[in-house]
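A quick write-up on the structure given underneath.
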Amino acid sequence: MRAFITGSRRYGTPRPDSDVDLVVLLEGSAHDLLMQLGTTEPDNPYAQVRFGVLNIITLQDADEFERWRQVTEELERRAPVTREEAVAALKAAGL
C-alpha cells in the first residue's frame, strides 16, 4: 500500500472542522474490503471511506495515483491554494 495526505491540510487553508484527505493505492481484496465500508459522493468519481475526520480516497491505478501525488506536490509548492484551484489542477491532470 502507498499513501499520501492531500487536500486543504496539505496545500490549502484548513478550517478547524476540515477533514484529512488520505489518498491510498490499494489492490484486490484490500480495495474491495474498504469499498464495502465506503460511500461515493454523487459529484465525486472516486471511492471514499470516511472514519470521523479521516477521508480515505482509494485508487487502484498506479499511474492515476502518481498523477494525483504530483499534482498535490505542485499545489503544496504554491500553497495556499483555494479548493477551486485544486479541483482545476486535478481535472487538468485527468483526475
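The values are calculated or read from the model by the stated rules, or taken from the named source; none is laboratory data. These figures come from a predicted structure and were not determined experimentally. Positions of Cβ are backbone-derived with ideal geometry, glycine not excepted, and every protein chain shown enters the neighbour counts.
Report those helices (runs of 4 or more DSSP H) wholly inside the chain carrying at least 3 residues which are without any contact (Cβ under 8 Å) to a residue 24 or more places away in the chain and at negative phi. Qualifying helices (runs of 4 or more DSSP H): 28-37, 62-78, 83-92.
When restricted to residues that are at pLDDT 90 or above and over 17 Å from V87 (Cα atoms), the stretch 5-47 contains 5. Residues in the stretch 53-84 that are closer than 15 Å to R9 by Cα and of a type in the set (S, T, Y) were compared, and the one that is modelled with the highest pLDDT is T72.
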